[in-house]
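Participant: This structure is in structure tokens; I'll ask about it shortly.
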Amino acid sequence: MPLEKPIEQQTVKALSWHLLYGNYRPKLGAEGWKEMTETVNAPDFRSMDPDEDCPMKPFNDAVIYIDRVLDKGDGGMIREITRASVDRWASMFKNLVKQLPGRPQKMLEIFCTEVHPYFLNDGGASAIVKSAPDHFVMRLDNDLLEDFKVGLIEGFCQIVGAKADVRKLGDEYHVTWEILEQAYQPSKWALFFNATRLPFLTATLTPVLLGTAIAWKDGYLRDAFHFWLFFLTLIGAACFHLGTNVINDYFDHATGADEANLTPTPFSGGSRVIQRGLMSPESVRNLAVVFFALGAVIGLYLTVVVGPAMLAFGLVGFLIGYLYSAPPLRLVNRGLGELAVAIGFGPTMVLGAYWVQTGRWSWEALLASLPLALLISAVLYINEFPDKPWDARAGKKTVITRLSTTAAIRGYAMQIGAAYLIIIAGVLFGVMPFATLLGLLALSMGWKAYRLLRQHHSHPYRLIPANANTVFAHFYTGLLLFAGYVAAGILNTLL
């Protein structure tokens with residue numbers, strides 16, 4: 001058994017206090033809550049980031065205080081306090097919970113390897129001794145109240161529709177369970193949503209829209225907008241994108257990169273469907289094959305209808321998506337991941353969408369694609385910051401693992417700055433219409449992400465808003481450029 005930290009050194013996240021506050025401040029009342037915080041010397045958690053560390057002892061004292069004031073003070077309420085916090089956690093991570101009904105074994109594995117170590121900021125806070133379909137044995141090596149620990153185990157079984165029986169034998173917690181009849185069926189949609197990382201399809205939508213809008217501005221679509229070809233281009237590109245997402249999870253599992261990652265976030269660490277036992281590696285691989293096959297079929301159809309150039313666009317898109325993480329090249333492991341993604345989601349998609357509608361090359365479309373290329377590269381780039389120590393441990397040599405922290409942050413700023421400078425230069429030199437300056441309105445999101453990156457580059461969970469703002473900067477810049485080209489096309493029509 002690993003040695004526990006002294007209680008003075010053990011911590012809980014400020015999020016633990018937030019959950020306690022949300023559940024019991026209304027029951028204690030304003031004055032009662034104030035008295036409790038003063039009695040236990042509670043930290044000023046409401047002004048803290050949710051993942052900031054707080055001393056454990058005041059938290060334990062707060063739980064004992066609530067049990068005494070709202071009940072008999074004999075510990076009978078502590079498990080209820082714990083389960084209420086688990087329920088609030090489940091409401092925050094409902095997409096994950098929806099994938100695990102009737103699967104307490106898998107939920108307890110996630111609790112031991114991800115949730116509990118995070119809340120206590122201690123990789124040794126819990127450990128799996130045995131995991132079986134009908135029972136589970138774990139250690140919880142920390143000084144949380146015993147009834148609180150039992151309440152956590154019961155709560156994490158309860159949220160997936162199981163009633164737990166917990167017995168402590170020595171330093172181990174032995175858990176068996178009964179699956180309740182009312183346990184709902186797993187959400188296949190939630191699993192698909194998670195496995196494919198569907199929200200990131202915005203990275204496909206904006207370049208296809210932009211390429212089509214440039215064709216509109218150039219006058220090729222005034223009388224004959226080929227909606228069916230536009231739709232197929234969008235679906236084909238989306239299939240290659242989803243195939244890339246899924247096959248990346250497969251190969252990151254094969255190399256151990258995702259298994260090594262102990263701080264996954266919504267933007268990094270993969271979808272976790274393999275690590276959480278929600279899909280087998282073979283199923284993930286097969287799903288990627290289906291997406292790539294659908295994209296290839298659509299690409300071949302467009303080649304027949306539009307011309308042989310579409311075969312080149314489709315082949316580049318497929319190769320970039322597949323070889324990003326697949327052997328023998330593993331572009332991301334060679335520090336070429338950002339460049340590959342920039343080419344695939346920038347010039348390849350924008351020029352491909354333009355060519356589908358016009359059958360022509362456009363230097364303007366190439367220039368207009370570069371801001372999106374740089375911004376999608378920045379999305380991938382900043383998403384690698386939380387993974388840096390784990391990627392390095394697994395031998396995944398991304399750009400971020402190769403650079404010092406200062407150089408890596410500077411590299412992010414250069415990508416964001418260059419994206420918007422290209423828009424300004426394109427307008428000043430008369431290559432892009434004046435209305436595309438609308439894209440500069442999204443610069444504030446990139447600037448906010450940069451400031452957050454400088455402040456929280458070493459804290460995966462605090463970095464989440466920076467990851468999100470980079471995604472939004474890419475998406476809204478693309479939409480605003482699209483709007484600028486539509487406006488320019490309308491003006492050309494009127495003139």
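Participant: Below 8 Å, C-alpha to C-alpha, sequence gap of six or more: please give me the relative contact order for the chain in percent. Numbers along the way, then the final one.
Facilitator: Working: 789 pairs, mean separation 64.4, N = 495.
Normalised by residue count, the contact order of the chain is 13 percent.
Participant: Separate question: With charges set only on the Cβ (+1 for Lys and Arg, -1 for Asp and Glu), what does the dipole of the stretch 356-462 come to about its Cα centre, in debye to the nearest 20?
Facilitator: Numbers: 11 positive and 4 negative charges, 86 e Å.
Using only the charged Cβ atoms, the result is roughly 420 debye.
Participant: Could you estimate the translational diffusion coefficient of the stretch 1-143 from the Stokes-Einstein equation, with Rh from the Kirkwood formula over C-alpha pairs, at 20 °C and 1.002 mPa s, in whole µm²/s? All intermediate terms of the calculation are to be shown ahead of the outcome.
Facilitator: Details: Rh = 16.3 Å.
In µm²/s, the coefficient is 131.
Participant: Picking from 227, 238, 257, whose Cα lies most toward the positive end of the charge dipole for the stretch 220-287 (charges on Cβ: Lys, Arg +1; Asp, Glu -1)?
Facilitator: 227
Participant: Next question. Show me, for the stretch 325-338, the HN-Hα J-couplings you get by feeding each phi into the Karplus relation (A = 6.51, B = -1.76, C = 1.60, θ = phi - 60°), rounded to Hz, glycine and proline as x.
Facilitator: So the Karplus estimates, Gly and Pro as x, are 10, 8, x, x, 7, 6, 3, 5, 6, 9, x, 10, x, 5 Hz.
Participant: Oh, and also: Charges on Cβ only, +1 for Lys and Arg, -1 for Asp and Glu, centred on the Cα centroid of the chain; of 63, 470, 422, which one is farthest towards the dipole's positive end?
Facilitator: Of 63, 470, 422, it is 422.
Participant: OK, next. Under 5 Å between amide H atoms, partner at least 5 residues away or on a different chain: which partners does residue 98 have, H built in plane at 1.01 Å?
Facilitator: HN-HN under 5 Å from residue 98: empty list.
Participant: Here's another thing I want to ask about it. Given R₀ = 60 Å, what would the calculated FRET efficiency be for residue 8 paired with residue 178, taking r from the Cβ atoms and rounding to 0.05? Don't skip to the answer; put the middle values down first.
Facilitator: Numbers: r = 40 Å, r/R0 = 0.66.
The value I calculate is 0.90.
Participant: For Cα Rg over 2.2 N^0.38 Å, the listed values are (1) 1.02; (2) 1.12; (3) 1.32; which was obtained by calculation from the structure presented?
Facilitator: (2)
Participant: Name the long-range amide H neighbours of residue 326: under 5 Å, sequence gap of 5 or more, or other chain; modelled H, no Pro or chain starts.
Facilitator: Those lying under 5 Å, H to H, from residue 326 are 331.
Participant: Which FRET efficiency value, to the nearest 0.05, do you get for residue 282 and residue 167 by plugging their Cβ-Cβ distance into 1/(1 + (r/R0)^6) with R0 = 25 Å?
Facilitator: E(calc), rounded to 0.05, equals 0.10.
Participant: Working from Cα positions, state the angle (0 to 90°, nearest 10) between the long axis of helix 227-254 and the longest principal axis of the chain.
Facilitator: 40
Participant: Moving on. How much mean residue ellipticity at 222 nm does the chain get from its helices, if each DSSP H run of length 4 or more adds -39500 (n - 2.57) and you divide by all residues, to the nearest 500 deg cm²/dmol?
Facilitator: Result for the chain, helices only: -20000 deg cm²/dmol.
Participant: Quick one: 3J(HN,Hα) in Hz for the stretch 105-110, Karplus 6.51/-1.76/1.60 with θ = phi - 60°, rounded, Gly and Pro as x.
Facilitator: Rounded to whole hertz, the list is 4, 5, 5, 5, 4, 5.
Participant: Can you list the HN-Hα couplings for the stretch 409-414, worked out from phi with the Karplus curve (6.51, -1.76, 1.60; θ = phi - 60°), rounded to whole Hz and with x for Gly and Pro?
Facilitator: Ordered by residue, 3J(HN,Hα) equals 5, 4, x, 5, 4, 5 Hz.
Participant: Now, a different point. Taking the Cα centre as origin and putting +1 on Lys and Arg beta-carbons and -1 on Asp and Glu beta-carbons, what dipole magnitude results for the chain, to the nearest 20 debye?
Facilitator: Values: 42 positive and 42 negative charges, 269 e Å.
Roughly 1300 debye for the chain.
Participant: Note the full-extension length gain between residue 189 and residue 72 as 0.36 nm times their separation in residues minus their Cα-Cα distance, in nm to one decimal. Please list the in-between numbers first.
Facilitator: Numbers: separation 117, 0.36 × 117 = 42.12 nm, distance 4.48 nm.
Contour length minus the Cα-Cα distance gives 37.6 nm.
Participant: Can I ask one more? Amide H to amide H, which residues 5 or more places from residue 126 or on other chains are under 5 Å from it, using H placed in the peptide plane?
Facilitator: Excluding prolines and chain starts, which carry no amide H, the hits are 141.
Participant: Also, I was wondering about something else. Sort 367-374, 273-280 for me by packing, meaning the mean count of neighbouring Cβ atoms within 10 Å per residue, highest on top.
Facilitator: Numbers: 367-374: 25.9, 273-280: 19.6.
In decreasing order of mean packing, 367-374, 273-280 become 367-374, 273-280.
Participant: If I fit a long axis through the Cα atoms of helix 78-92 and take the longest principal axis of the Cα atoms of the chain, what angle between them do I get, 0 to 90°, rounded to 10?
Facilitator: 0
Participant: Return 89, 447 ranked ascending by Cβ neighbour count within 10 Å, so the fewest neighbours appear first. Don't skip to the answer; put the middle values down first.
Facilitator: On the way: 89 21, 447 16.
Placing the least packed residue first, the sequence is 447, 89.
Participant: Please state the charge dipole magnitude for the stretch 246-315, taken about the Cα centre, from unit charges on C-beta atoms (+1 on K and R, -1 on D and E), reported in debye and rounded to the nearest 20. Can you show the working numbers first?
Facilitator: Numbers: 3 positive and 5 negative charges, 29 e Å.
For the stretch 246-315, the charge dipole is close to 140 debye.
Throughout, read-outs are computed from the coordinates displayed, never taken from laboratory work. What you see is a predicted model, and the numbers here were worked out from it, not measured in a lab. All Cβ positions, even for glycine, are placed from backbone atoms using ideal geometry, and neighbour counts span all protein chains on display.
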